[in-house]
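Asks: What follows is a single structure, and I will ask about it in a moment.
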Amino acid sequence: AQTVTQSQPEMSVQEAETVTLSCTYDTSESDYYLFWYKQPPSRQMILVIRQEAYKQQNATENRFSVNFQKAAKSFSLKISDSQLGDAAMYFCAYRSPGNQFYFGTGTSLTVIP
Amino acid sequence: DAGVIQSPRHEVTEMGQEVTLRCKPISGHNSLFWYRQTMMRGLELLIYFNNNVPIDDSGMPEDRFSAKMPNASFSTLKIQPSEPRDSAVYFCASSPKNRGTAEAFFGQGTRLTVV
């Protein structure tokens with residue numbers, strides 16, 4: 001099975017500041033997909049952003065952007081202008097060519113007013 | 001579409017009892033996943049179906065766990081007999097296999113407590 005590692009169990013950020021969440025993964029494949037999901041206390045899993053491995057350009061969705069380093073197998077999430085509603089658990093996910101999704105253990109983000 | 005529907009939302013059962021969790025994937029999605037979420041291990045992939053056929057069940061922790069998908073619109077995850085260490089949130093997710101950028105769509109999860 002593929003492995004996805006999130007080395008930061010907890011992070012905190014001041015409101016309006018920027019925070020970066022780290023993720024590394026292990027794969028021998030060249031064609032795959034990466035995702036960041038947000039899980040608020042409601043338990044719902046919400047897609048934040050996706051990245052296709054064959055695209056060199058980093059994905060961006062409003063205040064959320066990624067830094068995708070394919071050779072290093074690194075996929076970090078940057079949240080700019082943090083808002084109170086960004087407080088949640090964030091999961092990094094890898095989708096294999098065989099369509100299996102593997103998740104990291106999550107990073108709990110606290111936003112300080 | 002109503003999204004992925006799981007039932008029940010909460011389940012409390014006694015050790016040794018059989019537990020059945022249910023999932024209805026999004027119509028048209030042909031991949032279905034069962035995950036278990038715990039604080040220590042995060043989201044663990046238990047089993048993956050494609051076109052109703054189990055493709056990878058290497059994540060199923062032991063023989064007490066079984067999963068079925070009798071048709072494209074329904075799947076079950078059964079634990080028999082249940083144990084306290086099975087207490088967790090169980091998620092079902094579905095995805096359209098052939099769409100390259102498609103994410104996995106999750107249900108609301110079932111919180112299982114075994115006492």
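The values are calculated or read from the model by the stated rules, or taken from the named source; none is laboratory data. On a predicted model such as this, the values are computed, not experimentally measured, just so you know. All Cβ positions, glycine included, derive from the backbone under ideal geometry; neighbour counts span all protein chains shown. Quick note on the areas: whole protein, heavy atoms, side chains included, nothing else; ligands and nucleic acids left out. Shrake-Rupley method; radii C 1.70, N 1.55, O 1.52, S 1.80 Å.
Asks: Please report the projected area of region B:40-82's Cα convex hull averaged over all directions, in nm². Display every interim value, and only then the final one.
Replies: On the way: hull surface 14.2 nm².
Result: a mean projected hull area of 3.5 nm².
Asks: So how strong a dipole does chain A carry about its Cα centre when Lys and Arg Cβ are +1 and Asp and Glu Cβ are -1, to the nearest 20 debye?
Replies: Values: 9 positive and 10 negative charges, 43 e Å.
Dipole of chain A, to the nearest 20 debye: 200 debye.
Asks: Moving on to the next point. Taking N as the number of residues in region A:1-52, what is its alpha-carbon radius of gyration divided by 2.2 N^0.38 Å?
Replies: Numbers: Rg = 13.4 Å, N = 52, 2.2 N^0.38 = 9.9 Å.
Normalised by 2.2 N^0.38 Å, the Cα Rg of region A:1-52 equals 1.36.
Asks: Considering only lysines 8 or more places apart in sequence, or on different chains, count the pairs in the protein assembly as shown whose C-alpha atoms sit under 26 Å apart.
Replies: Lysine pair count for the protein assembly as shown: 19.
Asks: Of the beta bridges DSSP finds with both residues in chain A, what % are antiparallel, to the nearest 5? List each step's numbers first, then the result.
Replies: Values: 34 of 39 bridges.
Antiparallel: roughly 85 percent of the beta bridges in chain A.
Asks: Rounded to two decimals, what is Rg over Rh for the protein assembly as shown when you use alpha-carbon atoms and the Kirkwood radius? Could you put the intermediate results ahead of the total?
Replies: Numbers: Rg = 17.5 Å, Rh = 18.1 Å.
Taking Rg over the Kirkwood Rh, I get 0.97.
Asks: Just to confirm my numbers, what's the Cα centroid distance between region B:1-76 and region A:17-58 in Å?
Replies: Cα centroid to Cα centroid, the span is 23 Å.
Asks: What percent does the relative contact order of chain B come to when contacts are Cα pairs within less than 8 Å and at least six residues apart? If you can, show how the numbers build up before the last one.
Replies: On the way: 288 pairs, mean separation 42.4, N = 115.
Here the relative contact order equals 37 percent.
Asks: Also, quick follow-up: Measure off, as a whole percent, the carbon and sulfur share of the 1.4 Å-probe accessible area of chain B, all protein chains present.
Replies: Details: 2690 of 5470 Å².
Carbon plus sulfur share of accessible area: 49 percent.
Asks: According to a simple spin-label model (label point 7 Å from Cα along Cα-to-Cβ), what is the distance in nm between B:V53 and A:D81?
Replies: 4.9 nm
Asks: Using DSSP, restrict attention to beta bridges with both residues in chain B and report what percent are antiparallel, rounded to the nearest 5.
Replies: Values: 36 of 40 bridges.
Percentage antiparallel, nearest 5: 90.
Asks: Quote the relative contact order of chain A in percent (integer), defining contacts as alpha-carbon pairs under 8 Å separated by 6+ residues. List each step's numbers first, then the result.
Replies: Values: 275 pairs, mean separation 42.6, N = 113.
After rounding, I find 38 percent.
Asks: Hey, another quick one. Tell me the GluC sites (Glu not before Pro) within region B:36-115 that lie in a loop according to DSSP and have at most 14 other beta-carbon atoms within 10 Å.
Replies: Details: sites: B:E44, B:E62, B:E103; in loops: B:E62, B:E103.
Qualifying residues, ordered by number: B:E62.
Asks: On to the next question. Tell me the total accessible area that B and A bury against each other, 1.4 angstrom probe, in square angstrom rounded to 100. It would help to have the intermediate numbers written out before the result.
Replies: On the way: alone 6460 and 6350 Å², together 10780 Å².
Separately minus together, B and A give about 2000 Å² buried.
Asks: Charges only on Cβ, +1 for Lys and Arg, -1 for Asp and Glu: so what's the dipole of chain B about the Cα centre, in debye to the nearest 20? Kindly include the intermediate steps, with their values, before the conclusion.
Replies: Numbers: 12 positive and 12 negative charges, 60 e Å.
Roughly 280 debye, rounded to the nearest 20.
Asks: Hey, another quick one. In angstroms, what radius of gyration and Dmax does chain B have, counting Cα atoms only?
Replies: Reported Rg and Dmax, both Å: 13.4, 42.
Asks: Let me ask something else about it. If you roll a 1.4 angstrom probe over the protein chains with everything in place, what fraction of the accessible area of chain A belongs to carbon and sulfur, to the nearest %? Don't skip to the end; give the middle numbers.
Replies: Numbers: 2390 of 5300 Å².
Roughly 45 percent of what the probe reaches on chain A is carbon or sulfur.
Asks: Continuing with this model, one more query. Roughly how large, in nm² to one decimal, is the mean projection of the convex hull of the alpha-carbon atoms in region B:57-115? Mind showing how you got there, number by number?
Replies: Details: hull surface 20.3 nm².
So the Cα hull casts an average projection of 5.1 nm².
Asks: Just to be sure I understand: if I project the alpha-carbon convex hull of region B:19-67 onto a plane and average over all orientations, what area do I get in nm²? Mind showing how you got there, number by number?
Replies: Values: hull surface 15.8 nm².
With every direction weighted equally, the projected area is 4.0 nm².
Asks: Only Lys, Arg, Asp and Glu count, each charged at its Cβ (+1, +1, -1, -1), so figure out the dipole size of the protein assembly as shown about its Cα centre, rounded to 20 debye. Present the calculation step by step, with values, prior to reporting the outcome.
Replies: Numbers: 21 positive and 22 negative charges, 76 e Å.
My answer is approximately 360 debye.
Asks: Please go through region A:16-113 and write out the chymotrypsin sites (Phe, Trp or Tyr not before Pro) that DSSP classes as loop and that have at most 12 other C-beta atoms within 10 Å. Please report the intermediate quantities before stating the final value.
Replies: On the way: sites: A:Y25, A:Y32, A:Y33, A:F35, A:W36, A:Y37, A:Y54, A:F64, A:F68, A:F75, A:Y90, A:F91, A:Y94, A:F101, A:Y102, A:F103; in loops: A:Y32, A:Y54.
Qualifying residues, ordered by number: A:Y54.
Asks: Over all alpha-carbon pairs in chain A, figure out the percentage whose distance exceeds 17 Å.
Replies: Working: 3181 of 6328 pairs.
Distances greater than 17 Å cover 50 percent of the Cα pairs.
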